[in-house]
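The values are calculated or read from the model by the stated rules, or taken from the named source; none is laboratory data. Only a predicted model underlies this, so the values are computations on that prediction, with no experimental measurement involved. Heads up, the Cβs are rebuilt from the backbone with ideal geometry, glycines too, and the neighbour counts pull from every protein chain shown. Surface areas here come from the heavy atoms of the whole protein model, side chains and all, with no ligands, DNA or RNA. Shrake-Rupley method; radii C 1.70, N 1.55, O 1.52, S 1.80 Å.
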Amino acid sequence: MDNATRGWINGGIGVAIFAGSLPATRVAVSGFSPVFLTCARASIAAALALALLTLLRQARPQPRQIASLAVVALGVVVGFPLLTALALQHVTSAHSTVFVGVLPLCTAIFGVLRGGDRPRPGFWMFSLLGSALVIGYAAMGGLQASLQGDLLMLAAVLVCGLGYAEGARLSRQLGGWQVISWALALALPLMLPIAWLTRPSSFAPVPLPAWAGLAYVSLFSMLIGFIFWYRGLAQGGIAAVGQIQLLQPFLGLALAAGLLHEPVSASMLWVMAGAVACVAGARRFAR
């Protein structure tokens, strides 16, 4: 199996894990504030990451790598979780999942700017088409929309795309799981005190599903998913493997419908089917 194929497999596993993030966040904000949820999930994941780094005796990052780790932390540890948690107070997880379709384009652009990727023109055609499908659908009002929620989601995918590309670039030097682990450790001195200050006055009223949502986003969304995702991006190319994210809305919508009983329209599924076709086309022209 060549390196590119391994990259697509690892990337696919990462996307499958990330697909549960928005539904889990939607459940978690029913019991926790967005700020507490963001900081708590990062703090829990950071504690696990530090244990791994210590047990496996990983070397500390070089000073020149700290700035890149800070970008990763701001993008995927702080920015995306906080902005999506805020957005999910205004929109459903099914609606927010549509905006994940913008992530491949953002990741590809930052992959060129920061990772040195050079896809062929055909790649950009399919990438733009895939993103246009989901953006156009949202703009036409196919779902109940909230301007505030939509703007928060757009900001979330922008900072996330930067964090993905920067983390993938750094993964070629440090390794995939090491990058997210060090980024979490770097953010811990900020996130832990805020989590403590914004904690609920009492945890007794917090429903069990909210606890389950917190557990998922802490363990899987914040740590395990990134182990596969950054490895996949580093192996198969940031722009190329990043297009797998166009499949994430499919999985997220299925989870939102099955677990949260949120409505999923037939037209939304047609849009996502077109996005799948764009993934196949983009892969052909990625290199």
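General observations
- Residue 128 farther than 23 Å from residue 31 by Cβ, part of a helix (DSSP H, G or I) and at pLDDT 75 or above: yes
- Residue among 199, 169 that alone is among the basic types (Lys, Arg), assigned to a helix (DSSP H, G or I) and either out of contact with any His (no Cβ under 6 Å at 6 or more places or on another chain) or surrounded by fewer than 20 Cβ atoms within 10 Å (Cβ to Cβ) (or both): 169
- Test for residue 72: is it within 28 Å of residue 273 (Cβ to Cβ) and crowded, with 24+ Cβ neighbours inside 10 Å: no
- Top-ranked residue in the stretch 19-69 [being basic (Lys, Arg) and either more than 18 Å from residue 220 (Cα to Cα) or open to solvent by less than 50 Å² (accessible area, probe 1.4 Å) (or both); ranked as modelled with the highest pLDDT]: 41
- Meets criteria (on the phi > 0 side of the Ramachandran plot and modelled with pLDDT under 75) for residue 116: yes
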